[in-house]
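Okay, structure first, notes after.
The values are calculated or read from the model by the stated rules, or taken from the named source; none is laboratory data. Bear in mind the structure is a predicted one, so any value in this text is a computation, not a measurement. Cβ placement follows ideal geometry from the backbone for every residue including glycine, while neighbour counts extend to all protein chains displayed. Side chains are part of the model used for accessible areas, which takes the heavy atoms of the whole protein and leaves out ligands, DNA and RNA. Shrake-Rupley method; radii C 1.70, N 1.55, O 1.52, S 1.80 Å.
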Amino acid sequence: MTTTQMAGTDAEELQAAFDALIAADQRIEPRDWMPEGYRKTLIRQISQHAHSEIIGMQPEGNWITRAPSLKRKAILMAKVQDEAGHGLYLYSAAQTLGISRDEMTAQLIDGRAKYSSIFNYPTPTWADMGAIGWLVDGAAICNQVPLCRASYGPYGRAMVRICKEESFHQRQGFEILLTLMQGSEAQRQMAQDAVDRWYWPSLMMFGPPDDASPNSAQSMAWKIKRFSNDDLRQRFIGMLVPQAEILGVTLPDPELKWDEDAGRWHTGEIDWDEFREVLSGRGPMNAERIRHRRDAHDDGAWVREAAAAYARTQAARGQREVAA
Ligand code: FAQ
């Protein structure tokens, strides 16, 4: 057997072992061989997800200094800190695939990396904190619970903890809206206005329709994604309808109704032009979100330098102690 033939057999065996693990619903771990496409897809999705959590701190960060009570402020601060934590677990999961944190950060702040479209909308009122919790975290949970079973071990395990925290976030958003809906007429209007502004963008979080989703088929075959974008969107709408009734808010889609024959929700048309605009960097807040992230990165340069200098001194001290 020639070297090339041997290499060919090795590659086939590695691929077969990978395929068998996926077929048996087993986890792929960082030490395992994996096809290059699988690695790239995971780096793309996990880093986009991490960036979303980090950029996602900004719309709510806007209200920490203006929360209506000390209790609300403490809860909001804890929630925004949770988003930072999620970003960090996810960056760590992506690092196990061979990309560095510095490279991912560079991709984000120079505009090469995507992050969720939803975080490019403004938060002008306190009710936006309720709408983000209820709708944005609600969509995140629908999308992310199946990711706890993602075939890549570090991603799936990170998602378990993230989902537990997201479900608390969703309930706190629901409770903000419920309180407003039980308040004055002006408060009820503020809550309804926030729901009107966040409803459609929250549906876009699930990504393009299935027939326009280039990555879905392969990601589902690799068991990274377990459900299609449209199926998850449907599941989300089904979750919202009874909750909207309890809240007393109206979902801003006059066409929304259960289609008994199709066994699906019939909805109005999602504005995919708006989605594409936001993805190309022309949403209402894209420029500000990136500028803010870049400024924070630049302002933190001295902290990173100090931490690196400290690590060097500690390592040198350790070496001297070993030598002594
Ligand atoms: N925004 O072929 P597909 C959160 C891109 S975290 C921007 O369908 P895929 C927590 C997509 O990347 C929210 N880009 O792609 C929180 C792809 O571009 P590429 C983030 C989008 O990957 C709450 C292209 O379009 N969650 O909310 C969007 O199979 C409150 C074609 O699309 C995750 O990241 C979008 N909405 O499916 C934090 C969950 N949709 O890379 C703070 C994990 C699609 O080929 C406050 N990610 N694109 O150039 C996923 O489940 C998937 O990546 C999807 C997209 C479902 C987002």
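Take each peptide in 112-118, 22-28, 11-17, count the other Cβ atoms within 10 Å of every residue, and average; sorted highest first, the result is 112-118, 22-28, 11-17. Give, to the nearest whole percent, the P(r) tail of the chain beyond 32 angstrom, counting all Cα pairs. Counting pairs separated by more than 32 Å, the tail of P(r) holds 36 percent. In the chain, the longest principal axis of the Cα atoms and the axis of helix 286-299 are about 50 degrees apart.
Sorted largest first by accessible area at a 1.4 angstrom probe radius, with every protein chain in place, the residues H86, H49, H292 fall in the order H292, H49, H86.
Rounded to whole numbers, the Karplus 3J(HN,Hα) couplings from phi for the stretch 32-41 are 6, 5, 8, x, 4, x, 5, 4, 5, 4 Hz, using 6.51 cos²θ - 1.76 cosθ + 1.60 with θ = phi - 60°, and x at Gly and Pro. Take the Cα coordinates of the stretch 133-202, assign each an equal point scatterer, and use the Debye formula without solvent to give log10 I(q)/I(0) at q = 0.22 Å⁻¹. Taken in order of the listed q values, log10 I(q)/I(0) reads -0.88. Sorting W200, W126 by accessible area puts them as W200, W126; the probe is 1.4 Å, largest comes first, and only protein heavy atoms count.
Each Cα pair under 8 Å and six or more residues apart adds its sequence gap; the mean of these over the residue count of the chain is a relative contact order of 18 percent. If the stretch 249-319 were replaced by its equivalent ellipsoid, with semi-axes equal to the square roots of 5 times the Cα gyration tensor eigenvalues, what would those be, largest first, whole Å? Each semi-axis is √(5λ); the values are 52, 19, 10 Å. Separation of the stretch 65-129 from the stretch 39-53 is 13 Å, based on Cα centroids.
Near Y152, the amide H atoms lying under 5 Å from its own belong to I28; only residues 5 or more places off or on other chains count, and H is placed 1.01 Å from N. Seen against the Cα atoms of the chain and their longest principal axis, helix 301-323 is set at about 30 degrees. Between the amide H of W265 and those of D259, distances stay under 5 Å, these residues lying 5 or more places away or on another chain, with hydrogens modeled in the peptide plane. Within the same chain, lysines fewer than 8 places from K73 are excluded, and of the rest, those with a Cα less than 28 Å from its Cα are K164. Taking Cβ atoms as reference points and 14 Å as the exclusive limit, the residues near L177 contribute a net charge of -2, counting Lys and Arg as +1 and Asp and Glu as -1.
Rounded to the nearest whole Hz, the Karplus-based 3J(HN,Hα) values (6.51 cos²θ - 1.76 cosθ + 1.60, θ = phi - 60°) of the stretch 142-157 follow the sequence 4, 6, 9, 4, x, 6, 4, 9, 4, 5, 8, x, x, 6, x, 5, with x at glycine and proline.
Once the Cα-Cα distance is subtracted from the 0.36 nm per residue extended length, the R101 to R264 segment shows a gain of 54.5 nm. What is the local net charge at E288, summed over the other residues whose Cβ is closer than 12 Å to its Cβ (Lys, Arg +1; Asp, Glu -1)? Summing Lys/Arg as +1 and Asp/Glu as -1 gives +3.
Cross-link reach is defined here as a Cα-Cα straight distance under 15 Å, omitting same-chain residues fewer than 8 places apart; for K257 the aspartates and glutamates meeting it are E245, E269.
Rounded to whole numbers, the Karplus 3J(HN,Hα) couplings from phi for the stretch 55-68 are 5, x, 6, 6, x, 7, x, 4, 10, 4, 6, 10, 4, x Hz, using 6.51 cos²θ - 1.76 cosθ + 1.60 with θ = phi - 60°, and x at Gly and Pro. In terms of packing, defined here as the mean over residues of other Cβ atoms within 10 angstrom, the peptides 245-252, 308-315 line up highest first as 245-252, 308-315. Sorting K40, K79, K223 on solvent-accessible area from highest to lowest, probe radius 1.4 Å, gives K40, K223, K79. Placing a label point 7 Å from the Cα of A309 along the Cα-to-Cβ direction, none of the residues of the stretch 98-116 has a backbone N under 11 Å of that point.
Here each label is just a point 7 Å from Cα along the line to Cβ, and for R171 and Q189 those points are 3.3 nm apart. Computed from the C-beta positions of W33 and A74 and an R0 of 45 Å, the FRET efficiency is 0.45 to the nearest 0.05.
From most to least packed by mean Cβ count within 10 Å, the peptides 230-239, 269-278 give 230-239, 269-278.
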